[in-house]
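Undergrad: I'd like to ask you about the structure that follows.
The values are calculated or read from the model by the stated rules, or taken from the named source; none is laboratory data. These numbers come from a predicted model, not from an experiment. Cβ placement follows ideal geometry from the backbone for every residue including glycine, while neighbour counts extend to all protein chains displayed.
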Protein chains: 4
Amino acid sequence: MIFPMNNDLASKPAVTTTRLEAFSDGVFAIAITLLIFGIKVPTVANHDAGELKRQLWALWPGYLSFAASFAIISVFWIGHHQMFQLISRSNRTLLWLNNAFLMCVAFIPFPTSLLGVYSEQRVAIIFYCAAINVTGVVFYGVWAYASGQARLIYSGTPSRVVKVAGWRILIGVVFYSVAIALTFVSLTASRILLLLIPLFYLLPSSIDPHIET
Amino acid sequence: MIFPMNNDLASKPAVTTTRLEAFSDGVFAIAITLLIFGIKVPTVANHDAGELKRQLWALWPGYLSFAASFAIISVFWIGHHQMFQLISRSNRTLLWLNNAFLMCVAFIPFPTSLLGVYSEQRVAIIFYCAAINVTGVVFYGVWAYASGQARLIYSGTPSRVVKVAGWRILIGVVFYSVAIALTFVSLTASRILLLLIPLFYLLPSSIDPHIET
Amino acid sequence: MIFPMNNDLASKPAVTTTRLEAFSDGVFAIAITLLIFGIKVPTVANHDAGELKRQLWALWPGYLSFAASFAIISVFWIGHHQMFQLISRSNRTLLWLNNAFLMCVAFIPFPTSLLGVYSEQRVAIIFYCAAINVTGVVFYGVWAYASGQARLIYSGTPSRVVKVAGWRILIGVVFYSVAIALTFVSLTASRILLLLIPLFYLLPSSIDPHIET
Amino acid sequence: MIFPMNNDLASKPAVTTTRLEAFSDGVFAIAITLLIFGIKVPTVANHDAGELKRQLWALWPGYLSFAASFAIISVFWIGHHQMFQLISRSNRTLLWLNNAFLMCVAFIPFPTSLLGVYSEQRVAIIFYCAAINVTGVVFYGVWAYASGQARLIYSGTPSRVVKVAGWRILIGVVFYSVAIALTFVSLTASRILLLLIPLFYLLPSSIDPHIET
């Protein structure tokens with residue numbers, strides 16, 4: 001008997017999305033842990049104690065961009081899981097859209113390092129926000145494809161849940177776009193907003209009762 | 001039929017905490033393995049043999065801080081598993097508290113590198129101990145939230161087990177605080193203590209018979 | 001009763017290849033996420049804003065080689081899973097062939113970094129293509145060994161599926177060989193081909209209905 | 001009902017060692033993939049083509065030490081799985097012995113980088129062999145503890161299997177000790193031996209029929 005020959009994807013959704021989710025979880029866990037390499041051990045001439053202390057304080061933009069990125073990747077991870085609770089089966093297009101999304105997630109350590117080193121530069125903040133927003137837009141694309149015409153989601157999913165799930169992604173894109181606009185008013189305000197945006201996703205959502213968090 | 005719509009968290013605890021634990025295990029395994037990057041291959045002019053040998057010996061603070069951090073992250077990993085043996089279900093707050101804890105764990109490679117390079121500096125030792133202590137306090141927060149008013153733990157968990165589990169975290173915080181205080185007496189004594197603290201958790205605990213180690 | 005003593009591999013294929021696949025997935029996920037370290041945060045004297053912007057633009061070969069490698073490792077990952085859907089059991093030779101393949105996958109971040117830094121150099125493009133092709137040839141070796149004389153695959157696997165699966169690997173080797181040849185005509189044409197090759201695997205294949213994607 | 005309270009380790013061996021094995025597999029997969037960072041992209045003044053080519057050739061000790069370490073970590077990974085097929089249950093001592101072993105595995109990328117850069121130095125070869133041997137000795141310790149007085153292994157495991165499993169670890173320690181001794185005769189011979197040792201484990205073993213490979 002040939003096991004995979006009789007494999008009807010529609011009848012074995014759990015297996016299919018489980019594999020995709022496990023790979024995704026791996027990329028999430030690795031990308032989030034690699035963020036720490038954005039913070040470099042300072043080089044201090046003659047191992048001067050006062051100088052080392054000053055340099056450790058001076059790394060605060062690095063600590064904050066580490067925290068901001070850890071939080072927003074956590075948000076994407078939680079959102080990805082919530083989304084795949086609603087997706088019943090996979091296909092080649094979904095697989096590639098998801099891989100494009102993972103590529104964006106794996107890219108985030110670079111703009112995070114950049115922001116940690118050049119936090120006082122408008123271009124670093126804009127680059128960071130743009131990278132998060134591309135990630136968000138691709139993530140929305142995954143959801144739009146899977147949920148459009150109920151293509152790959154459980155057939156009884158309430159349309160309200162479909163809409164709110166999409167809206168929660170797009171609102172993040174709006175937030176980071178505001179952060180970009182803010183750089184032309186105040187870099188400090190923009191940087192503060194970067195730390196606050198992930199906190200929005202701490203708030204309970206109306207879709208929570210419907211989806212396993 | 002919509003699978004996640006009828007999802008009663010209280011009735012499917014294993015699934016919920018399994019996912020959270022798998023992600024946590026990933027971050028633990030990655031953070032613990034990345035510690036090795038704190039030890040840099042020395043640059044030796046003209047590839048001088050004697051000089052290379054001296055520099056490899058001179059890296060001993062790097063080897064020891066690698067070992068100390070590997071051991072304490074192991075302690076957190078074992079403790080995290082013991083804790084989640086007692087936690088029956090998850091919610092949004094627990095998820096975020098756990099992510100805050102993982103952020104602290106993912107941060108540890110930085111103070112470990114720092115201690116390896118600047119082991120003779122009080123500020124490096126204090127920074128290292130402070131990083132571990134913040135991790136410990138957030139870890140205690142996870143437990144305090146989950147076990148407070150038996151919020152998310154198995155209802156029959158003996159209150160003695162709840163107390164001992166918390167006490168074992170806080171004693172670590174006390175130990176590292178002592179290591180900070182010791183830096184004002186003897187840096188060597190403080191560094192030795194950093195190596196000894198994880199060994200405390202090798203000792204059998206009264207809660208072991210109740211929890212899968 | 002001794003569990004592993006009575007272990008008949010042929011009767012427990014799922015367990016055997018599951019373990020091998022989980023380890024492989026780990027290496028895939030890590031290698032693909034480590035690619036980002038090929039892109040280094042630029043060092044800008046005096047934190048000059050215009051200079052930082054120019055340098056971020058100048059990194060475009062790094063962004064493109066990151067994307068090209070992320071895509072081709074994804075292709076290998078998907079192909080590896082499709083292949084192991086057809087493989088029913090493992091043995092020592094398959095284990096080592098698979099490990100040799102994983103070694104090639106784990107090597108890819110190095111030529112990717114190289115290509116990002118020296119994209120205008122023929123030698124960097126050839127080195128990159130050669131690395132991918134060695135990976136492809138070893139991957140073909142895994143399949144040739146497993147499917148040869150139906151050694152380790154499900155006995156009823158249609159010979160057409162066996163052939164198409166092998167052909168899809170070898171066509172990639174041909175593509176990258178063309179990219180090598182192209183470097184003697186136009187480096188730009190060669191680099192464009194590197195970005196296009198993974199897209200070939202986005203196309204549906206005649207073996208898809210037979211294999212879980 | 002409290003799930004973990006009634007947890008009898010002896011009656012649920014699969015669960016206990018599964019968790020420990022999953023964490024170990026994570027560390028193995030990460031350590032083996034991080035080896036690639038031992039090979040640094042060369043810095044070539046003025047992006048000179050001939051010079052880049054020469055430098056890529058000059059990295060051959062790095063490629064070989066990458067391959068040697070990838071192979072020997074694979075050997076440890078396979079051996080670890082074979083060992084845990086025979087281990088029926090865990091305890092605190094086994095957990096810590098296993099963590100000490102994983103610490104040694106996670107350390108291997110450092111001597112590998114060192115050997116890649118300073119392959120013509122006796123001290124680098126000795127350091128590399130010593131690191132592998134400490135790993136091997138600790139691995140033997142795990143097995144000696146688990147199998148001694150049939151402490152944690154399946155009660156019917158033939159004593160011959162216990163002996164051969166231990167012997168296969170110790171023979172590796174002997175091999176690397178010979179490689180150390182050889183450095184005083186010929187560095188080249190020693191380096192060749194480092195590449196050959198893992199191949200020994202490609203040979204079928206008399207314990208294979210008894211253990212799932």
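Condition check ((1) farther than 27 Å from C:L95 by Cα; (2) acidic (D, E); (3) under 20 Å from the mean Cα position of the chain (by Cα)) across all residues:
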{"residue": "C:A124", "(1), (2), (3)": "yes, no, yes"}
{"residue": "C:C129", "(1), (2), (3)": "no, no, yes"}
{"residue": "C:W143", "(1), (2), (3)": "no, no, yes"}
{"residue": "C:Q149", "(1), (2), (3)": "no, no, no"}
{"residue": "C:I153", "(1), (2), (3)": "no, no, no"}
{"residue": "C:S159", "(1), (2), (3)": "no, no, no"}
{"residue": "C:S177", "(1), (2), (3)": "yes, no, yes"}
{"residue": "C:L193", "(1), (2), (3)": "yes, no, yes"}
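Undergrad: Is it the case that some residue within region A:42-60 is of a type in the set (F, W, Y) and in contact (Cβ under 8 Å) with a residue 12 or more places away in the chain?
TA: no
Undergrad: Please specify each residue of region C:176-193 satisfying the condition of being crowded, with 19+ Cβ neighbours inside 10 Å and within 30 Å of C:I87 (Cα to Cα).
TA: Once the filter is applied, which keeps residues that are crowded, with 19+ Cβ neighbours inside 10 Å and within 30 Å of C:I87 (Cα to Cα), region C:176-193 yields only C:Y176.
Undergrad: Here's another thing I want to ask about it. Among what's in region C:139-170 and is of a type in the set (V, I, T) and crowded, with 18+ Cβ neighbours inside 10 Å, pick the residue that is farthest from C:Q85 (Cα to Cα).
TA: Among those residues, the one meeting the criterion is C:I169.
Undergrad: Tell me yes or no: at least one residue of region A:67-85 is within 26 Å of B:F23 (Cα to Cα), more than 14 Å from chain B (Cβ to nearest Cβ), in a helix (DSSP H, G or I) and over 14 Å from the mean Cα position of the chain (by Cα). Don't jump to the end; show me each part of the working.
TA: Step one: of region A:67-85, the residues within 26 Å of B:F23 (Cα to Cα) are A:67-85.
Remaining after also requiring more than 14 Å from chain B (Cβ to nearest Cβ): none.
For region A:67-85, residues within 26 Å of B:F23 (Cα to Cα), more than 14 Å from chain B (Cβ to nearest Cβ), in a helix (DSSP H, G or I) and over 14 Å from the mean Cα position of the chain (by Cα): absent.
Undergrad: Additional query: Which one of these does D:N99 not meet: (1) under 20 Å from D:T17 (Cα atoms); (2) within 13 Å of chain C (Cβ to nearest Cβ); (3) crowded, with 21+ Cβ neighbours inside 10 Å; (4) not aliphatic (A, V, I, L, M)?
TA: That leaves (2) as the condition not met.
Undergrad: Among the residues of region D:70-78, is there at least one that is closer than 22 Å to C:Y128 by Cβ, without any contact (Cβ under 8 Å) to a residue 40 or more places away in the chain and surrounded by 17 or more Cβ atoms within 10 Å (Cβ to Cβ)?
TA: yes
Undergrad: When region A:55-66 is examined, which residues are found to be touching a Pro at 6+ places or on another chain (Cβ under 9 Å), more than 7 Å from chain B (Cβ to nearest Cβ) and assigned to a helix (DSSP H, G or I)?
TA: Selection gives A:Q55, A:A58, A:S65.
Undergrad: Answer with yes or no whether D:S113 is at pLDDT 95 or above, closer than 24 Å to B:I30 by Cβ and within 12 Å of chain C (Cβ to nearest Cβ). First the steps, then the outcome.
TA: Numbers: at pLDDT 95 or above: yes; closer than 24 Å to B:I30 by Cβ: yes; within 12 Å of chain C (Cβ to nearest Cβ): no.
So D:S113 fails the test.
Undergrad: What single numbered condition from (1) surrounded by 12 or more Cβ atoms within 10 Å (Cβ to Cβ); (2) over 15 Å from the mean Cα position of the chain (by Cα); (3) modelled with pLDDT of 90 or more fails to hold for C:V173?
TA: All conditions are met except number (2).
Undergrad: Checking C:F84 against (1) crowded, with 23+ Cβ neighbours inside 10 Å; (2) in contact with an Asp or Glu (Cβ under 9 Å, 6 or more places away or on another chain), which single condition isn't satisfied?
TA: (1)
Undergrad: What number goes with the only condition from (1) surrounded by 20 or more Cβ atoms within 10 Å (Cβ to Cβ); (2) touching a Lys or Arg at 6+ places or on another chain (Cβ under 8 Å) that C:S90 does not pass?
TA: Only one criterion in (1) surrounded by 20 or more Cβ atoms within 10 Å (Cβ to Cβ); (2) touching a Lys or Arg at 6+ places or on another chain (Cβ under 8 Å) is unmet by C:S90, namely (2).
Undergrad: Okay, moving on. Conditions: (1) in contact (Cβ under 8 Å) with a residue 40 or more places away in the chain; (2) hydroxyl-bearing (S, T, Y); (3) over 19 Å from B:A45 (Cα atoms). D:Y140 meets all but one. Number of the miss?
TA: (1)
The rows are residues; the columns are (1) in a helix (DSSP H, G or I); (2) facing chain A (nearest Cβ under 7 Å); (3) at pLDDT 90 or above; (4) in contact with a strand residue (DSSP E or B) (Cβ under 6 Å, 6 or more places away or on another chain).
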site	(1), (2), (3), (4)
B:A14	yes, no, no, no
B:T18	yes, no, no, no
B:E21	yes, no, no, no
B:G26	yes, yes, yes, no
B:A29	yes, no, yes, no
B:T33	yes, no, yes, no
B:F37	yes, no, yes, no
B:K40	no, no, yes, no
B:E51	yes, no, yes, no
